[in-house]
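> Submitted below is the structure of interest, expressed as structure tokens.
The values are calculated or read from the model by the stated rules, or taken from the named source; none is laboratory data. None of these values were measured; they are calculated from a predicted model. Cβ placement follows ideal geometry from the backbone for every residue including glycine, while neighbour counts extend to all protein chains displayed.
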Amino acid sequence: MAAAIGKTRLSILLVAVAFGVSMAVEYLAPSIAATALTTMYRLRGVEKPPPEVVIVGVDDASLLQVGPWPWRRSTVAALIETVARQHPRAIALDVVFAEQKDPAGDRALGDAIRRAGDVVVSAQLIESAGRGIDSSLAPERSPTQLSQWLMPIPEIASAARAIGHVHAAPDVDGVLSSVQLSKSSSVGARRWALALELLRLASNIEAAPEEIPSALQVGPYVIPILDRSDTPSLEPASLQRANEMRINYAGPTATFPTLSAADVLAGKSVASQFTNKVVLIGATAQSLGDTGQTPFNHFGGLRASGLKMPGVEVHANIYSTIRDRKWFRPVQGLAAVALTIAVLIAGAIFTLRFSDAMQLIGPGAFIASVPLAGLVLFSEFAVILPVGSLLAGLLVLVPGLSLGRSLLASRDLDRQLARLKRTEQELLPVSTAFTRVPAESSTSWLPRTFDWKLQTVAEVTDHLLNQVAVIDRMLRSVGNGVLLADREGRVIFSNPAASELLRRPREQLIGEDLESLFAAAESGDKAAEPTIAIGQAATFEIEISRTPARFLEVSVSPVESSRKRGENEGAVVVLADVTKRKQLDQTKSEMLRLVSHELRTPVSAIQGLSEVLTKFGLPPKDVQEFGHTIHAESGRLLELVNRYLDLTRLESDQQKLQLAPFDFAALAEEVVESYRAIAAQKEVQILLKDRAPAIPLRGDASLLRIAVGNLLANAIKYGPVHGKVTITIGVTGTLAELTVSDEGPGIPASEHDRIFEKFYRLRREDDSSTPGTGLGLAMVKEILTRHGGQVSLESKEGRGSLFRITLPLMGH
Ligand code: ADP
């Protein structure tokens with residue numbers, strides 16, 4: 001905000017300064033405007049002059065052939081007659097015949113002029129000495145008369161249709177850029193310009209020129225005039241309007257068709273050369289000195305070159321300016337002020353608007369467009385823009401603004417850097433304080449040097465990178481899994497422990513949505529899914545695998561925004577493996593169940609029986625029976641405790657597997673044989689079907705013996721008396737397979753999973769007398785899981801049961 005205000009103020013200030021410069025150039029250095037104008041002339045080039053204009057020039061060849069100037073009046077008369085014979089539209093004589101010569105010649109010339117008809121002759125206004133005209137031409141001028149007309153002699157003045165003035169005063173740069181269409185002597189005698197009179201004759205304009213506001217009306221032509229209020233005037237008569245008009249030169253010297261006077265006199269000209277033409281007769285020889293600078297030959301200073309333009313051609317140019325209505329419309333006064341302000345403001349906007357490469361190209365193009373627009377307007381519409389002063393203003397404004405903008409930006413950068421340094425020091429204890437560069441920005445409004453900036457940037461970057469690296473290493477080294485999530489809950493950081501715990505590589509975790517991540521991580525079909533809301537602290541447990549069981553504790557902590565209270569920038573998620581704790585919890589509750597349920601019943605039975613035994617004198621038969629019962633119950637207790645301990649030891653990983661290669665077929669057969677005696681007691685027949693020759697396995701033989709034994713024991717225990725138990729030992733694919741099937745009551749499908757849980761026993765009436773711990777199948781499952789094998793059950797109620805165990809063969 002502060003920067004924006006600074007920029008606006010700066011722009012206004014610079015536009016004002018540039019405006020001042022523009023105005024100074026416009027009014028104090030007119031030569032710049034004049035130079036701009038001549039440049040545009042040269043860039044514009046030549047325009048076609050009006051076809052009817054012909055110049056008859058007293059050139060160097062004519063001087064050689066006819067004799068030095070002035071010629072005899074009769075010669076001039078002959079020249080006019082030659083021209084008049086072809087019936088031109090009008091003739092202008094750019095020669096002031098002010099002195100009486102031989103009377104015959106004077107008369108002849110007067111006659112020739114009269115006969116020729118539409119002829120305009122010249123008069124010259126003699127102003128104060130030194131204004132371009134030789135003062136010797138007006139020897140009898142009284143000292144009070146500052147200017148007076150040098151008129152043609154009466155014979156000639158009376159013969160001509162009109163007398164025009166041939167006065168021309170050069171501009172600051174020596175160029176004849178404008179003409180005063182009317183001139184007045186000190187006593188108020190006024191004459192119109194020669195070219196204007198010529199136009200009136202050629203176009204048959206009878207009416208006298210009429211002065212209307214800021215224009216001069218001559219017949220159909222309304223000529224804009226630029227009379228300046230500062231035209232020097234010393235006497236009241238000079239207050240008459242000068243009707244100054246800018247001359248729009250068609251081209252450099254000799255753009256108009258020019259015939260040599262000698263040729264015309266010698267009759268060399270083609271017959272219809274002057275028919276219906278407007279003929280200007282005057283001196284064109286450079287040696288005669290009646291020449292002036294035009295924008296086309298004025299290069300200024302040492303580089304001036306080209307022929308100066310003879311006065312007669314200047315008149316031709318004045319004629320063509322009016323005839324073709326090619327008058328200039330200079331933008332000046334209030335319009336120039338308004339235009340300058342508009343262009344400068346546009347320039348400021350252009351300069352400030354662009355960035356990158358355009359910050360150079362944009363203003364550059366804008367500056368270049370000013371002379372370009374000036375040229376186009378000049379060439380196409382004859383409008384003269386104050387190009388010089390506009391350029392001067394822009395050349396102050398644009399670099400000034402660029403510099404100012406850089407300074408402001410540089411100062412802002414200082415502030416930002418100072419802020420960065422302050423914040424950086426508050427961030428973490430790992431940061432060491434800056435020593436080299438002071439944190440506070442200088443109090444001066446001037447920006448600091450680039451060296452300071454570079455040094456500061458380097459230091460801050462170093463420190464910050466260092467800090468980031470330290471934090472990164474810390475997070476990576478944490479034993480727990482750490483995930484960082486952004487505001488939308490997407491993971492943006494994951495440490496190696498998190499990958500490990502979630503069993504997913506870092507690349508997969510980055511960008512993952514937290515909610516779906518944990519929904520997917522939680523294997524199984526638990527309905528109660530934890531929902532993570534970024535912004536709320538939460539802790540929950542998820543089970544990420546069943547076999548082996550693994551549990552994670554997930555703690556989500558929102559990260560509060562440093563900028564806005566109550567708004568979050570993301571969350572930190574910490575993952576901890578709580579499998580051990582979960583297992584311990586489970587063991588604890590099992591122990592509780594064991595003690596409170598499975599152990600209490602037999603112990604209280606033993607206690608009751610022993611109490612009866614000790615308190616009452618019982619007959620020996622009862623004593624023996626009670627003793628049996630106590631023995632059996634305590635035996636069952638012992639078995640329960642032993643089996644539980646075995647299983648727990650196995651589960652808690654305390655018992656390491658004694659791995660060794662062995663023949664599974666032989667092992668299974670051995671177990672089967674060992675159960676034949678028990679089976680025989682219940683008259684159960686054991687059939688060993690499909691015994692494969694040898695099945696090489698690697699595993700803990702004694703544990704696998706227990707597993708097979710438990711299945712066999714259950715088949716015998718739950719099968720009917722006189723029943724059959726069938727065993728198969730074989731290989732399917734890369735698995736060793738053993739099945740034990742019986743003809744017992746079977747197990748309902750709904751119980752298939754549960755019978756493998758610890759202490760789980762079916763509530764069947766027939767089984768109530770069957771002794772058991774509910775740990776046999778849990779043991780089978782644990783042993784097979786530890787060996788990478790599986791146990792499954794096929795059974796229907798009332799149709800017997802088939803237990804199948806599979807184990808990977810050695811080397812698979
Ligand atoms: P138990 O010590 O009770 O036999 P187990 O874990 O071996 O404990 O078996 C769990 C339950 O599964 C038993 O209580 C029994 O109801 C059922 N069961 C196991 N084997 C069989 C089978 N072959 N036929 C029918 N039911 C069985």
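> If you check A169, A208, A193, which single one turns out to be at pLDDT 90 or above and closer than 14 Å to I318 by Cβ? Step through it out loud before you land on a result.
Numbers: A169 fails: at pLDDT 90 or above; A208 fails: closer than 14 Å to I318 by Cβ.
Selected residue: A193, the only one of A169, A208, A193 that is at pLDDT 90 or above and closer than 14 Å to I318 by Cβ.
> OK, next. Which pairs have Cβ atoms under 6 Å, sit 6 or more apart or on different chains, and link a residue in the range 776-795 that is more than 14 Å from L738 (Cβ to Cβ) to one that is assigned to a strand (DSSP E or B)?
Matching pairs, first to second residue: K781/V791; G788/P808; S795/S801.
> In this structure, is E737 acidic (D, E) and touching a residue at least 12 places away in the same chain (Cβ under 8 Å)? Please lay out each step first, then the result.
Numbers: acidic (D, E): yes; touching a residue at least 12 places away in the same chain (Cβ under 8 Å): yes.
Against the criterion (acidic (D, E) and touching a residue at least 12 places away in the same chain (Cβ under 8 Å)), E737 qualifies.
> Using the structure shown, decide if P51 is closer than 30 Å to A159 by Cβ and within 60 Å of the chain's Cα centre (by Cα). Show your work before the answer.
Numbers: closer than 30 Å to A159 by Cβ: yes; within 60 Å of the chain's Cα centre (by Cα): yes.
Against the criterion (closer than 30 Å to A159 by Cβ and within 60 Å of the chain's Cα centre (by Cα)), P51 qualifies.
> Could you tell me which of the residues G744, G798 is part of a loop (DSSP other than H, G, I, E, B) and within 24 Å of R676 (Cα to Cα)? Show your work before the answer.
Working: G798 fails: within 24 Å of R676 (Cα to Cα).
None of the others qualify; the one that does is G744.
> Looking at E794, E757, E765 in this structure, which one is surrounded by fewer than 19 Cβ atoms within 10 Å (Cβ to Cβ), charged (D, E, K, R) and over 29 Å from L657 (Cβ atoms)?
E765
> Can you say whether S801 is within 8 Å of the ligand (Cβ to nearest atom), among the small types (G, A, S) and farther than 30 Å from L599 by Cα, as far as the supplied structure shows?
Details: within 8 Å of the ligand (Cβ to nearest atom): yes; among the small types (G, A, S): yes; farther than 30 Å from L599 by Cα: no.
Here the answer is no, as S801 does not meet what is asked.
> Within the range 467-504, how many residues turn out to be surrounded by 12 or more Cβ atoms within 10 Å (Cβ to Cβ) and closer than 19 Å to E543 by Cα?
The total comes to 11.
So that you can scan it fast, the table gives a plain yes or no per residue for (1) in contact with a Pro (Cβ under 9 Å, 6 or more places away or on another chain); (2) surrounded by fewer than 13 Cβ atoms within 10 Å (Cβ to Cβ):
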position: E569; (1), (2): yes, no
position: V578; (1), (2): no, no
position: K582; (1), (2): no, no
position: T587; (1), (2): no, no
position: L592; (1), (2): no, yes
position: V595; (1), (2): no, yes
position: E598; (1), (2): no, no
position: S604; (1), (2): no, yes
position: S610; (1), (2): no, no
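> Go through A368, A348 for me and flag whichever is more than 30 Å from L226 (Cβ to Cβ), among the aliphatic types (A, V, I, L, M) and in a helix (DSSP H, G or I). If you could, list the steps in order and put the result at the bottom.
On the way: A368 fails: more than 30 Å from L226 (Cβ to Cβ).
The match here is A348.
> Kindly indicate the residue of the range 710-729 that is within 9 Å of the ligand (Cβ to nearest atom) and not aliphatic (A, V, I, L, M) and also nearest to L640 (Cα to Cα) among those meeting that condition.
Here the residue is N710.
> In addition: Anything in the range 772-783 that is among the β-branched types (V, I, T) and within 6 Å of the ligand (Cβ to nearest atom)? List them, or say none. Walk me through it before giving the result.
So in the range 772-783, the residues among the β-branched types (V, I, T) come out as 773, 780, 783.
Within the range 772-783, T773 is the sole residue that qualifies.
> Condition (residue is on the phi > 0 side of the Ramachandran plot and part of a loop (DSSP other than H, G, I, E, B)) applied to the range 542-558: is it met by at least one residue? Even if it seems obvious, please write down each step before you answer.
Going through the range 542-558, the residues on the phi > 0 side of the Ramachandran plot turn out to be none.
There is no residue in the range 542-558 that is on the phi > 0 side of the Ramachandran plot and part of a loop (DSSP other than H, G, I, E, B).
> Also, quick follow-up: Check Q359 against each of (1) surrounded by 14 or more Cβ atoms within 10 Å (Cβ to Cβ); (2) closer than 24 Å to A33 by Cα and name the one condition it does not meet.
With respect to (1) surrounded by 14 or more Cβ atoms within 10 Å (Cβ to Cβ); (2) closer than 24 Å to A33 by Cα, Q359 is out only on (2).
> Applying the selection to the range 559-605, what residues are in contact (Cβ under 8 Å) with a residue 40 or more places away in the chain, assigned to a helix (DSSP H, G or I) and closer than 25 Å to R504 by Cβ?
Across the range 559-605, the qualifying residues are K582, Q583.
> A further question on this structure: For A679, which of the numbered conditions (1) under 30 Å from Q655 (Cα atoms); (2) within 16 Å of the ligand (Cβ to nearest atom) fails to hold?
(1)
> Continuing with the same structure: How many residues are loosely packed, with under 12 Cβ neighbours inside 10 Å and over 19 Å from G709 (Cβ atoms) if we restrict to the range 629-652?
Residues in the range 629-652 being loosely packed, with under 12 Cβ neighbours inside 10 Å and over 19 Å from G709 (Cβ atoms): 1 in total.
> Of the conditions (1) at pLDDT below 90; (2) surrounded by fewer than 19 Cβ atoms within 10 Å (Cβ to Cβ), L395 satisfies every one except a single condition; which number is it?
(1)
One line per residue, one yes/no per condition, for (1) near the ligand (Cβ under 6 Å from one of its atoms); (2) under 17 Å from D646 (Cβ atoms); (3) of a type in the set (A, V, I, L, M, F, W, C); (4) modelled with pLDDT of 95 or more:
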residue: L762; (1), (2), (3), (4): yes, no, yes, no
residue: T770; (1), (2), (3), (4): no, no, no, no
residue: T785; (1), (2), (3), (4): no, yes, no, no
residue: E797; (1), (2), (3), (4): no, no, no, no
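> Further question: The conditions are (1) touching a residue at least 60 places away in the same chain (Cβ under 8 Å); (2) under 21 Å from R786 (Cβ atoms); (3) within 13 Å of the ligand (Cβ to nearest atom), and L657 fails exactly one of them. Which is it?
(3)
> Scanning for something closer than 30 Å to H812 by Cα and away from the ligand (no atom under 13 Å from the Cβ), does the range 745-756 turn up at least one residue?
Among the residues of the range 745-756, not one is closer than 30 Å to H812 by Cα and away from the ligand (no atom under 13 Å from the Cβ), which makes the answer no.
> What pairs come out if I take residues in the range 93-106 that are closer than 12 Å to P70 by Cα and pair them with residues that are in a loop (DSSP other than H, G, I, E, B) whose C-beta lies under 6 Å away, six or more apart or interchain?
F97/P152; F97/I153
> Do you know which residues across the range 747-764 are in contact with a helix residue (DSSP H, G or I) (Cβ under 9 Å, 6 or more places away or on another chain), aliphatic (A, V, I, L, M) and not in a loop (DSSP other than H, G, I, E, B)?
So in the range 747-764, the residues in contact with a helix residue (DSSP H, G or I) (Cβ under 9 Å, 6 or more places away or on another chain) come out as 747, 755-762, 764.
With the extra rule that they be aliphatic (A, V, I, L, M), the set shrinks to 747, 755, 762.
Result: I755, single match.
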